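Student: Okay, here's the structure, questions in a sec.
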Amino acid sequence: MLCEEYTGDTPQDALATWEDVGKKYYLHRRKSPITRRTPPDGDFDTGRFYDTSETASLWELTPNVFVKAKAWAPGMSLEIDTINWVRQTFPQVPVVEAIHGWVDPAWERSFLITRRMEGEPLETAWPRLSKSEKLRIIEEVMATVTTMATVTSETFRSIGGGHRFVLFLDMPPRDPTQWRRAPRVYPQYTIKEFDEAMKKCWDTIKDNPKTERFVFFHADLTPGNVFIKSKGDGQACLSGLIDFEVSGFYPVWYPPMDFTRVDYWFQTKEDWKYEYALGLLHHVRKSFPEQKKWQEEAKAIDHNFEKFLANKTIEDEEWEQLQKQKRERRAAEGESINIDDVACSLDDLVIL
C-alpha cells in the first residue's frame, strides 16, 4: 500500500481518502507488490512513536491520522471490524474513528488507519485531576463496560474469529509455517468446551461454576487507551476509547481479573499509582453481583500466573532459537516470497 497527497478529484484507485490540516490524502495499492521479506528502501523510523519489534508499531501518517501495524495470523479478527461493530452497536460509547484496515498475509501483518482521538490519554492527565474528576472518569469507563456487557454470546470469541492470547487458558500451539512471532488464535469455544478447557488448564479449580454466557468486553482499558477532555463546566470527562484489538466476548467474571494487571497501574512511586485500577475493581464488583461466586476461582487463577509465565518463558526461548535458524536460512536463500503461494487472497482481506 502507498499513501499519497492529492489535489482535485479523488483518484480512481483510491481505497480510502481523508482530509487533514487542509490537505487531502489517499491510500492505494502498489502497482507491483513487494516480494521480499527485507523492508524496502526508506526510513521506516520516520513518524514512528511506538514500537515493540515484531509485535506492533505505530506511525503518524499525517498530523492527525495514524497507522498501526500488528502481527497477524489466520483466524484473527481485524481491529477495524471490531471498532465499526462497537460504533454501530453502542453509539453512546465514544470510540476512535477508523478510516481503513487490511491484512497483508505475505508479511503476516494487519494494518489499521485511524484518526487522532480527541483529548488526552488518562495516563498523562491523571496526576492533575481532582478527586471528583477521577471518580467521574472511573464511573464513565465502567458505564462503557456495563453497556457493552449487555450484548452476549454463546461462544468465547472475538467479533469475527477466535481470541488471541489470554492469560487463563493454555495457549494453542504455534504454527510452524509462520515466519515471525505471530499470534496464536484460540478456537471459538462453546460454553461446554470453555468450561472443559478451564478445568484442564487450572488444577486449583475443582468445582468452578458453570459459565452461563460470555459478555462483550474491551479487555484493555488501561490508562493509555482511555482519553479524556474538559467539559463545558471545566471538569474532565471521558472523550473516547482506543485499541480494540483484544476486545471480544469473555466470561462475565473476567473484568475484575483484567483490572488487576499491572498495565492498569501508573508508572510512578506516588500514592496514586493504584487509584485507577482499584476504582475500576470497586465499581465492577458492584456492577456485576453475580461475579461474587467466581471471586475465589479468579483468585486461584491469579496465583497460578507465576507457574504459567515460567513455562511460557521456556517456550519463548525455544521459539526464538528456532526463528533465528529460519532467518539465517532465509538470508542465505534470498528471502523471496512467492505471492501465488500465499493462502489468503489480498483482495478478500482488504476492508473497503
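Student: Given Lys23/Lys68; Lys31/Lys70; Lys68/Lys269; Lys70/Lys273, which pairs have Cα atoms separated by over 26 Å?
Tutor: Lys68/Lys269; Lys70/Lys273
Student: OK, next. Any idea how far apart Thr89 and Arg116 come out in nm if each label point goes 7 Å out from Cα toward Cβ?
Tutor: 3.1 nm
Student: Note the full-extension length gain between Gln321 and Leu278 as 0.36 nm times their separation in residues minus their Cα-Cα distance, in nm to one decimal.
Tutor: So the extension gain works out to 11.5 nm.
Student: Please give the length that would be gained between Glu123 and Arg30 if that part of the chain were fully extended, namely 0.36 nm times their separation in residues minus their C-alpha to C-alpha distance (nm, one decimal).
Tutor: Full-extension gain reported as 29.7 nm.
Student: Between Val262 and Lys131, how many nm apart are label points set 7 Å from Cα along the C-beta direction?
Tutor: 3.0 nm
Student: Next up: For the charge dipole of the range 74-187, defined by +1 on Lys and Arg C-beta atoms and -1 on Asp and Glu C-beta atoms about the Cα centroid, which residue among Val151, Thr124, Ile80 has the Cα displaced farthest towards the positive pole?
Tutor: It is Thr124.
Student: If you don't mind, another one. Provide the gained length on full extension for the span Ser230 to Tyr50, in nm with one decimal, where the gain is 0.36 nm per separating residue minus the Cα-Cα distance.
Tutor: On the way: separation 180, 0.36 × 180 = 64.80 nm, distance 2.63 nm.
Computed gain between Ser230 and Tyr50 is 62.2 nm.
Student: Ranked highest first by average number of other Cβ atoms within 10 Å, how do 22-33, 85-96 line up?
Tutor: The packing order, highest mean first, is 85-96, 22-33.
We did not get these values from a lab; they are worked out from the coordinates using the rules stated. This is a predicted model, so every value here is computed, not measured. All Cβ positions, even for glycine, are placed from backbone atoms using ideal geometry, and neighbour counts span all protein chains on display.
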